[in-house]
1. What residues have an amide H closer than 5 Å to that of B:Phe136, excluding those fewer than 5 places away on the same chain, when H is modeled at 1.01 Å from N in the peptide plane?
2. Please determine, in degrees from 0 to 90 and to the nearest 10, the orientation of helix B:27-37 with respect to the longest principal axis defined by the Cα atoms of chain B, where the helix direction is its Cα long axis.
3. Could you compute the FRET efficiency for A:Ala195 and B:Arg164, with r as their C-beta to C-beta distance and R0 at 41 Å, rounded to 0.05?
4. When the Karplus curve 6.51 cos²θ - 1.76 cosθ + 1.60 is applied with θ = phi - 60°, which whole-Hz ³J(HN,Hα) does each residue of region B:97-107 get, with x for Gly and Pro?
5. Ranked from highest to lowest mean number of other Cβ atoms within 10 Å per residue, what is the order of the peptides A:166-176, B:17-27?
6. In degrees from 0 to 90, rounded to the nearest 10, what is the angle of the helix A:169-179 Cα long axis to the longest principal axis of chain A?
7. At a temperature of 25 °C and a viscosity of 0.890 mPa s, determine how fast chain A diffuses translationally according to Stokes-Einstein, using the Kirkwood radius over alpha-carbon pairs as Rh; express D in µm²/s, rounded to the nearest whole number.
8. With only Lys, Arg, Asp and Glu charged, each at its Cβ (+1 for the first two, -1 for the last two), find how big the charge dipole of chain B is about the Cα centre; round to the nearest 20 debye.
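Please treat every number below as a calculation from the coordinates, not as lab data. Treat the numbers as computed from the prediction; the structure is a model and nothing was measured. Quick reminder, even Gly has a Cβ in these numbers, built from the backbone with ideal geometry, and neighbours come from all protein chains shown.
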Number of protein chains: 2
Amino acid sequence: MKRARLQVDRKVLDSVRNFYAAGLNFRAHIEWANREHGGNYKVPVQADIGYRSPNALIVSGEDIVIPMDAAGPVEFEGELVAVIGKRAKNLSEERALDCVAGYTLGNDVSERSWQKSDRTLWRAKNCDTFKPMGPFIVEGIDPMAQQIEVRVNGRTVSSYNTGRMIFGVAQYISRMSRYLTLHPGDVIWFGCDGATMPALQPGDLVEVVNEAIGVLSNRVVRGT
Amino acid sequence: MKRARLQVDRKVLDSVRNFYAAGLNFRAHIEWANREHGGNYKVPVQADIGYRSPNALIVSGEDIVIPMDAAGPVEFEGELVAVIGKRAKNLSEERALDCVAGYTLGNDVSERSWQKSDRTLWRAKNCDTFKPMGPFIVEGIDPMAQQIEVRVNGRTVSSYNTGRMIFGVAQYISRMSRYLTLHPGDVIWFGCDGATMPALQPGDLVEVVNEAIGVLSNRVVRGT
C-alpha cells in the first residue's frame, strides 16, 4: 500500500505555532537519565504535556549547530511526532486520533549541562537548530506500534517501540484537548525510550529512522 | 507627543509563534509566592527565559474562561510585553532594544493548584484564554520605567514599576539572542512584582493598566 505523505519543508515548519512535547514518556529513559545524568525524574502520574519553541525547528538535511560555549554532552532523542490537521477541542480518547493529519519524526537534541544548570529548558532543548523534524508526514500508521531507531554515523545506537509509552498518543491528545484547542500545524512530540548516547560530536551524522516515515538525517557542526 | 501604536487584534495574536516568558523576574513576587503558595522558588541567578504557548492568547475584551474543574485559586499577573519587530541574533545589551517593535501588556493568568500538582505549567498557565494581551503595541517608551497596575472590578490590587526587574529587558534579549534567533511577531513577557491577589472569580473584570499602553480589560467567566 502506498501511503499519503507530505515532505516536511520550511513551509511546514513555519506553520508550527504550538509546539508540544511530552518530554518524559518512557520508563527506561527516565531510569537511564537518573542513573547516567544524576537526574531526579519521577515517572509521570498523568499526561502533562510540556513545550518547545518553533525557533529551533530545522528540516532533514540541515545542520545541528552546537553553540561554541556548550560544555556538553549534547545528546539525540529520536521521537514520534503527531502533526495536527484539524481544529479540535474536547476529544474523547476514542476520537482523539481524528484530528491528526499524520506522523513524522523528531530529534529532541538536548544539551545536558544546561539541562542541569538552567532554571528552564530554553538553552538545553531550544537553541536554534536543536529540533530537526521530518522527513515526511505520513498518514494511516498506528502511532502505538512504531519502531524508532537512531543511527550515528551509520551505527544503530537506539531502537525502541512506541508501544512502550507511559501515556499513549490518544491519551495525551484527549487530555490536552480538554483544556486547550488544537490547531492545524500544531505538533506533539512523544518522548524517547532508553539511553541517548553516545554524545553527538561535530562531524557526526545523526539519523532518526522509521520504516514508514523514512530517515531524518542531520549533520552536527560546532558554532563559530 | 503622540506615539505610534498598533491595536492588538486577532491578526497580531496569530503572528505570535515564539512566546517567551520570564516567569520569575521580581524579588517581591518570588518572596510572596513562597510565603502565600508554599512555593520553593529561588531568585534566578541568570536570565533564563521560559515559554508559553500561543493557543492561550486572547485580545482585550475577550473572556478569560476558568475550566469547570479548576479548584483554584486563579490569579492575575500583570506584565510588560516586548513585541519583536526584526529578525535578530547575537545582539549586545546596548543594541538589544533595536529589535523591539514596541511594548504591550499581558495578563499571565495562573491556576495555582495546577501550578503545584502538574509536572509542567501547561494547565496552570496555558489553558485557552489564559493569556490576554494588548490593547496596543506602543513604540518609544522606556521598558525599564513603566508603572503597571492591575484593577479588579475597578479597585487597584497591584501596582509596581518595571525598574525593579531582576534582569532587565535588554539583558534578557541580548542573552536570548546568543542562542536563538528572534523573529518578527515573537513576544517576551517579563513577569510581575508583588502579590497577585485576590483570586479571580466568575463575573470579575480584570484590567492591566499602563499610562502609555492603555487598559487590557477582560471579564472572567466559568467554563461549562
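1. Close amide H contacts, sequence-distant or interchain: B:Val8, B:Leu105.
2. Result, in degrees: 20.
3. Once rounded, the FRET efficiency stands at 0.35.
4. 6, 4, 8, 8, 6, x, 10, 9, 10, x, 10
5. Sorting A:166-176, B:17-27 by mean packing, highest first, produces B:17-27, A:166-176.
6. 80 degrees
7. So the translational diffusion coefficient is about 142 µm²/s.
8. It comes to approximately 440 debye.
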